[in-house]
Amino acid sequence: MPVVPAREILDRAFAERYGVAAINIVDDLTLEAVLAAATNLQAPLIVQTSLKTVKSIGARPLYAMWRARADEVPVPVTLHLDHCPDREWISTCLRTGWNMVLFDGSELDIAENTRQTIDVVAEADGYGAQVEGEIESVVGVEDGIGSEEGGMVHPVEVSARFIEATGVYSFAPAIGTAHGLYKSSPHLMPERVTELVETHPIPMVLHGGTGLSEEQFTDLIARGCAKVNISTALKIAFVEAHRDYLEANPGKHDPPAMLAHVRAAVKEMAERHIRIFGSAGKAAPTTSTVS
Ligand SMILES: [Zn+2]
């Protein structure tokens, strides 16, 4: 089973109100570890790449690595391009085979963002791919994109009009979460998710989840956040596992042992989130696959 269109994973998650982990991988080890976590828990999974990761590995090598791994797993999986303000890279990834893209036009004014998102939706349609839209930048820098400044939050009606005008498949509303680690407990605006879903029942996307409590996750998922992005938590698990191993084994030079330790930490992090989000056991047989 294999790679399926993103909508196939998210339509059901949204209808049944569970969350699908959308995990930003950074290399082959993290890719393999998160796929192993989803397989172990019989969960659907979205693998994400930041634009920075695509640029550093290259779209074609990264995609080849993805397919080589993903085609072997027994659960439905799909590939998403996270925050991408660059239309050229959106086109490159769609052409290469990514199943879903986040066109991040949050730096543009809404009229221009709307106009460009309409183009991206049309382009993605040609590949059977889905588009996530965003008009408010998520606070915090993630892989070189975004800013530490609090972004502008528009009235819900503005987001609703954007969704309607563009036909985006999913939407990332500003709800008070931030990329990176929280310095103090965030003030969330979960009612924005409910209000948007009531007027436009499409999957909402939760960004900046690292550091939220289990209750905050499950509440937002119940309101319609079907895609839950995980980026910072993977970076922490990945880097700290290297550090732990090296501190515990100062004289050792055994890469496979170190990498096995890192893989276990990343897999555990992914499994923990999949369980909280309620998608364990939801890997139903699928009807269509992506060639
Ligand atoms: Zn994000």
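Beta carbons closer than 9 Å, at least 6 apart along the sequence or on distinct chains, pair a first residue in the range 72-83 that is among the hydroxyl-bearing types (Ser, Thr, Tyr) with a second that is at pLDDT below 95 and more than 16 Å from the ligand (Cβ to nearest atom) for Thr78/Val290. Every condition in (1) open to solvent by 40 Å² or more (accessible area, probe 1.4 Å); (2) under 17 Å from the mean Cα position of the chain (by Cα); (3) of a type in the set (Val, Ile, Thr) holds for Thr39 except the one numbered (2). Taken over the range 63-96, the criterion of being over 22 Å from Val20 (Cα atoms) and open to solvent by less than 10 Å² (accessible area, probe 1.4 Å) is satisfied by Ile90 alone. Within the span defined as the range 47-66, every residue fails to be over 21 Å from Leu102 (Cβ atoms) and touching a residue at least 40 places away in the same chain (Cβ under 8 Å).
Against the test of being in contact with a strand residue (DSSP E or B) (Cβ under 7 Å, 6 or more places away or on another chain) and either surrounded by fewer than 20 Cβ atoms within 10 Å (Cβ to Cβ) or at pLDDT 95 or above (or both), the options His253, His261, His242, His273 yield a single qualifying residue, His273.
Screening Val139 against (1) open to solvent by 10 Å² or more (accessible area, probe 1.4 Å); (2) at negative phi; (3) within 16 Å of the ligand (Cβ to nearest atom); (4) touching a helix residue (DSSP H, G or I) at 6+ places or on another chain (Cβ under 7 Å) leaves a single unmet condition, (4). Selection of the range 203-215 for residues being over 19 Å from Leu81 (Cβ atoms) and within 16 Å of the ligand (Cβ to nearest atom) yields Thr210, Gly211, Leu212. Restricting attention to the range 100-127 and to residues that are among the charged types (D, E, K, R) and within 16 Å of the ligand (Cβ to nearest atom), the residue that is farthest from Arg87 (Cα to Cα) turns out to be Glu107. Counting only residues that are of a type in the set (A, V, I, L, M), in a loop (DSSP other than H, G, I, E, B) and modelled with pLDDT of 95 or more, the range 1-48 holds 5 of them.
Name the single residue that is farthest from the ligand (Cβ to nearest atom) among those in the range 151-202 being open to solvent by less than 20 Å² (accessible area, probe 1.4 Å) and touching a residue at least 60 places away in the same chain (Cβ under 8 Å). So, considering only residues that are open to solvent by less than 20 Å² (accessible area, probe 1.4 Å) and touching a residue at least 60 places away in the same chain (Cβ under 8 Å), the one farthest from the ligand (Cβ to nearest atom) is Ser170. Among the residues of the range 105-119, just one is surrounded by 24 or more Cβ atoms within 10 Å (Cβ to Cβ) and at pLDDT 95 or above, namely Thr117.
The values are calculated or read from the model by the stated rules, or taken from the named source; none is laboratory data. Computed from a prediction, not measured in an experiment: that's the story for all the values here. Note that each Cβ is placed from the backbone with ideal geometry, even for glycine, and that neighbours are counted across all protein chains shown. Only protein heavy atoms, including side chains, enter the accessible area calculation; ligands, DNA and RNA are left aside. Shrake-Rupley method; radii C 1.70, N 1.55, O 1.52, S 1.80 Å.
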